[in-house]
Amino acid sequence: MTTMAQVSRATRNAVPSAYRGVAISYLDAPLTEEGLVEAYVGRESYRRTRFIVVRGPEGDTALLHVTREDHESLFAPITAVEVLALPSETAYVVAPDSDTAVPSSLAAVALREAPQAKAVVVEGKYRHINFILNPDPIRLTVLEVIPPLPAKLADQVRRLLDTAEDLAPMVVDVRATDLAELAREVASPCYLFPCRGSDAAIEGAQMRYLDERPSRQDWALVGCERSRQIHEWFYGDVPPGVDMCPRRANVPGDGAILAKCCLLESTIEVDDDRVVVPWGASMAQVREALSIIAQEREPQWSAV
């Protein structure tokens with residue numbers, strides 16, 4: 001029979017399904033495996049308690065999984081104890097801004113504060129306590145362009161991961177192309193951007209915006225395939241310029257990639273190594289894209 005300890009030790013990003021099942025206890029004795037089992041077998045525990053965070057006299061921490069034969073009574077004796085992590089494997093982190101119900105929040109704290117620990121216990125918002133075992137979150141690269149700031153897609157991803165209690169843990173790296181720097185790859189007295197929302201400024205050059213349909217000038221287009229199509233519709237030609245489409249960006253590495261593309265209007269596409277949402281995607285569409293990434297990268301993940 002597979003034990004919770006075996007499951008938790010073998011599973012990446014093991015996080016309790018509800019932190020109300022995590023109790024904290026203080027033990028005035030060394031936190032050895034034998035001592036922990038002896039101290040907690042036979043103790044009463046609340047009916048919802050599945051895990052116990054044990055703090056020792058020196059501030060050290062151990063993590064236990066506990067079971068009871070009586071699952072109906074409000075309190076019942078603990079009949080079995082599995083030690084999930086001893087003090088040498090465990091870090092206790094106080095992170096007041098972390099929502100400990102959110103796997104990505106726990107993973108971010110673990111990587112930032114205790115990257116070598118097998119178990120990271122986090123005391124976060126509301127002084128609620130939870131933990132993550134074997135933290136190894138999905139590395140997600142979000143491809144963006146700036147300005148505007150904040151870059152919308154990256155901001156949407158962060159806001160969603162700050163609250164998503166049912167997604168496998170992810171950490172985000174934003175790769176943003178600066179439109180002003182990109183434009184300088186083509187020397188021109190005038191640059192044409194898709195819209196004023198880009199808000200780019202290039203010293204010594206004029207700025208024009210395609211959505212305002214300005215009079216034709218000798219400009220360089222900083223845009224994408226859709227911008228070129230619109231330009232050809234308005235003016236009958238395609239000017240020189242540079243491609244700003246995040247979908248086309250070359251990103252090394254083997255992590256997950258999320259990009260946006262204005263050729264998409266309502267669909268989400270999986271394109272080789274990346275998931276692509278429409279430019280201006282809704283929160284619901286971005287949430288769907290993150291779910292696709294989670295399913296592809298961690299198909300077996302679920303809270304323990």
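Some observations on this one:
- Once the convex hull of all Cα atoms in the stretch 207-304 is built, its volume per residue stands at 132 Å³.
- Per-residue Karplus couplings for the stretch 219-233, computed as 6.51 cos²θ - 1.76 cosθ + 1.60 with θ equal to phi - 60°, are listed in order as 10, 10, 8, 9, x, 9, 4, 5, 4, 5, 4, 5, 4, 5, 5 Hz, Gly and Pro entered as x.
- Positive dipole terminus of the stretch 28-75, leading residue within L74, P57, V41 (C-beta point charges): L74
- Estimated from the Cβ-Cβ distance and a Förster radius of 25 angstrom, the FRET efficiency linking S25 and E165 is about 0.50.
- Extended-chain gain in nm, criterion 0.36 nm per residue less alpha-carbon gap, D237 and I268: 8.1 nm
- The chain: translational diffusion in µm²/s, Stokes-Einstein, Kirkwood Rh over Cα pairs, 20 °C, 1.002 mPa s: 96
- Centre separation in Å (Cα based) which lies between the stretch 159-205 and the stretch 240-271: 12
- Expressed in Å, the radius of gyration and Dmax of the Cα atoms of the stretch 4-133 are 13.9, 40.
- Absence of a disulfide-compatible partner, taken as no other cysteine beta carbon within less than 4.7 angstrom, is noted in the chain for C190, C195, C261, C262.
- Treating each Cα of the stretch 138-304 as an identical point scatterer and summing with the Debye formula, the log10 of I(q)/I(0) at q = 0.12, 0.14, 0.21 Å⁻¹ comes to -0.57, -0.74, -1.35.
- Among A205, A289, T177 the positive-end extreme of the charge dipole of the stretch 169-304 (Cβ point charges): A205
- Kirkwood-Stokes translational diffusion coefficient of the stretch 87-190, alpha-carbon pairs, 4 °C, 1.567 mPa s, µm²/s: 84
- Here the extension length gained between R196 and R127 equals 20.4 nm, from 0.36 nm per residue of separation less the Cα-Cα distance.
- Amide hydrogen proximity for T177: with H placed 1.01 Å from N in the peptide plane, the residues at 5 or more positions away or on another chain lying under 5 Å are E144, V145, I146.
- Here the calculated FRET efficiency for R226 and Q300, from their Cβ-Cβ distance with R0 = 35 Å, stands at 0.35, rounded to the nearest 0.05.
- 14 Å reach of a label modelled at S291, 7 Å along Cα-to-Cβ, counting backbone N of the stretch 149-164: 164
- Set of lysines near K152 by C-alpha distance (under 22 Å), chain-local residues within fewer than 8 positions excluded: K260
- Extending 7 Å from Cα along the Cβ direction at R213 and again at E181 yields two label points whose distance is 3.6 nm.
- Farthest towards the positive end of the charge dipole of the stretch 138-304, among the residues P148, V242, P189, is the Cα of P189, using unit charges on the Cβ of Lys, Arg, Asp and Glu.
- Excluding exposed DSSP-loop GluC sites (Glu not before Pro) (at most 16 other C-beta within 10 Å), longest clean stretch of the chain: 73-164
- Cα-projected label distance for D254 with F75, points at 7 Å along beta-carbon direction, nm: 5.1
Read-outs throughout are calculated quantities, based only on the coordinates presented, and are distinct from any laboratory measurement. On a predicted model such as this, the values are computed, not experimentally measured, just so you know. Heads up, the Cβs are rebuilt from the backbone with ideal geometry, glycines too, and the neighbour counts pull from every protein chain shown.
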